[in-house]
1. Would it be correct to say that residue 198 is open to solvent by 90 Å² or more (accessible area, probe 1.4 Å) and over 20 Å from residue 55 (Cβ atoms)?
2. Residues in the range 54-84 that are open to solvent by 30 Å² or more (accessible area, probe 1.4 Å), closer than 22 Å to residue 214 by Cβ and aliphatic (A, V, I, L, M): how many?
3. Show the residue pairs that are 6+ apart or on different chains and have beta-carbon atoms under 8 Å apart, the first residue being within the range 213-225 and part of a strand (DSSP E or B), the second being of a type in the set (Val, Ile, Thr) and crowded, with 17+ Cβ neighbours inside 10 Å.
4. Which residue is modelled with the lowest pLDDT, if the candidates are limited to the range 29-50 and must be within 21 Å of the chain's Cα centre (by Cα) and open to solvent by less than 70 Å² (accessible area, probe 1.4 Å)?
5. Would you confirm whether any residue within the range 114-122 is touching a Gly at 6+ places or on another chain (Cβ under 7 Å) and buried (at least 17 other Cβ atoms within 10 Å of the Cβ)?
6. Only residues in the range 65-89 that are without any contact (Cβ under 8 Å) to a residue 12 or more places away in the chain count as the first member; pair them with residues that are among the aliphatic types (A, V, I, L, M) and assigned to a loop (DSSP other than H, G, I, E, B), Cβ under 8 angstrom, at least 6 apart or cross-chain, and list the lot.
7. So which residues in the range 97-118 are in contact with a helix residue (DSSP H, G or I) (Cβ under 8 Å, 6 or more places away or on another chain) and either assigned to a loop (DSSP other than H, G, I, E, B) or more than 20 Å from residue 76 (Cβ to Cβ) (or both), if there are any at all?
8. Exactly one condition in (1) of a type outside the set (Phe, Trp, Tyr); (2) touching a residue at least 40 places away in the same chain (Cβ under 8 Å); (3) surrounded by 12 or more Cβ atoms within 10 Å (Cβ to Cβ) is false for residue 107; which is it?
Amino acid sequence: MAAALAPAAAAAAARKLGGAHYHGTATFRISPVFGKPPVAPPVEATTKDTLTTTTDLWLDAEGRFRLTETNDQDGGRDIGFSGREIAVALRYGKLVRRATQEPEPTRMLEEALGAPGAAWEIVGRFASVATVPGKPGSYRLSKSGSPLVPPEPAGSATPGRRWRESITVEALSGEVELDATTRALVGFALNARFSARRDSPGMALPVAGGIDIALRADGIGHAEPVTLPASAVELPPRQRPVLEERALLSSTPGSGKDRR
């Protein structure tokens, strides 16, 4: 399951579907816990503790795509990839097109389909995976009674990821659906609640977190060709003046040159 949900694998398999439209929402929440557990509940979550992202991805049979992402922090982006050009705009910004080459388009496609893989990195080792009878490629997720060992040896994680070693999952449920032919991810749902500890200088801060993800593909094999929007403007060239060697030397401190 970890291999199928990894962003690189999800993007590569999605390109084999012959076109599709993905729609998904992903909510990640983490907030501090005050007092002594289990009596003290997590502090009331604020907008800074929670981020919800809505994604729409249109992918055609030739690998061209259009991506629209928005989040509840008033952020987002629009991306279009035509095969040779890419057009990018931040939310409320102008769509600007320019030439592109790999690995940039693939990296952006991986980011568009990356929420399930990101969630699995956090809570996947606590999940029990069972096949759904009569539905090839469908799996049911539930909380495992005995979690797997951490994905990284204890103490080897980078500081930004070390808190994951302390995760305890209280609840986990979901479903995964893979295309029977390509093994591409075509459906994903996950609801998980967990607690952990974030270390800071001189103290350990208990935190409570939650993950809610829903992703679904439709129109598989019947997608319309993707083109860049007519509103996309060409990236204007920038002036790059060439400075003379003598001018550079004369401006160097201690060069002894007379600049008169």
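The values are calculated or read from the model by the stated rules, or taken from the named source; none is laboratory data. Because the structure is predicted, anything quoted here is derived from the model rather than measured. Every residue, glycine as well, gets a Cβ built from its backbone with ideal geometry; the counts of neighbours run over all protein chains shown. Keep in mind that these areas ignore ligands, DNA and RNA; they rest on the heavy atoms of the full protein, side chains included. Shrake-Rupley method; radii C 1.70, N 1.55, O 1.52, S 1.80 Å.
1. Judged against the criteria, residue 198 is a match.
2. Final tally of qualifying residues: 0.
3. The qualifying pairs are 213/27; 215/55; 216/186; 217/186.
4. Only one residue tops the list, namely 49.
5. Yes, the range 114-122 contains a residue that is touching a Gly at 6+ places or on another chain (Cβ under 7 Å) and buried (at least 17 other Cβ atoms within 10 Å of the Cβ).
6. Listed pairs, sorted by first residue: 88/95.
7. Within the range 97-118, 106, 113, 114, 117 meet the criteria.
8. All conditions pass for residue 107, except number (2).
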